[in-house]
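Notes for the one structure printed next.
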Amino acid sequence: MNDILPVVLAWAAAAVALYLYWDGKRRWQRANRKPTPIKTDQPQAAVIEIVERGRATTETASGSVIIPNDVRINGQSLLVPRDSPVIVHEIKTDPDEVLTVTLTLFARRVTIAAEGDLT
């Protein structure tokens, strides 16, 4: 009887350790899973962020000035030529008007094709 107890306890400890490892790995995978983009049939407007990376504004006069150094579309940082300005067109208070932005970007590839021809 005294020989069996340590063996049973060792197996129980191994089973608990294995379960904790498996459960921790499952929780880590669930927590670090990237959200799947929402696919819709209709085109959606883009989220454009023109930001100064690495800081927040303050209440002082000089702390409220922003010097943008990052342009993002839907959260993805983009390469923008240094000598090409980002132009935010005038903002109107008319509810039927939309905001338009003109960007000059570096592109790795530009494809103009019918959707069925894309590979």
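The values are calculated or read from the model by the stated rules, or taken from the named source; none is laboratory data. It should be emphasised that the depicted structure is a prediction, and the values quoted were computed from it without experimental measurement. Every residue, glycine among them, receives a Cβ derived from its backbone with ideal geometry; neighbour counts consider all protein chains shown. Please note that ligands, DNA and RNA were not included when accessible areas were found on the heavy atoms of the full protein model with its side chains. Shrake-Rupley method; radii C 1.70, N 1.55, O 1.52, S 1.80 Å.
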Extension gain His89-Asp3, at 0.36 nm per residue separation less the Cα-Cα distance, in nm? 22.7 nm
Please get the size of the charge dipole for the chain, origin at its Cα centre, with Cβ charges of +1 on Lys and Arg and -1 on Asp and Glu, quoted in debye to the nearest 20. 700 debye
Rounded accessible area per residue of the chain, 1.4 Å, Å²: 96 Å²
With angles folded into 0 to 90 degrees, how steeply does helix 4-31 sit against the dominant principal axis of the chain? Use alpha carbons for both and round to 10. 10 degrees
Among Lys25, Lys34, what's the order by accessible area (1.4 angstrom probe), most exposed first? Lys34, Lys25
What net charge is computed for the residues neighbouring Leu103, neighbours being all others with C-beta under 13 Å from the C-beta of Leu103, Lys and Arg scored +1, Asp and Glu -1? -1
Report, to the nearest whole %, how much of the accessible area of the chain belongs to carbon and sulfur atoms, 1.4 Å probe, protein only. 58 percent
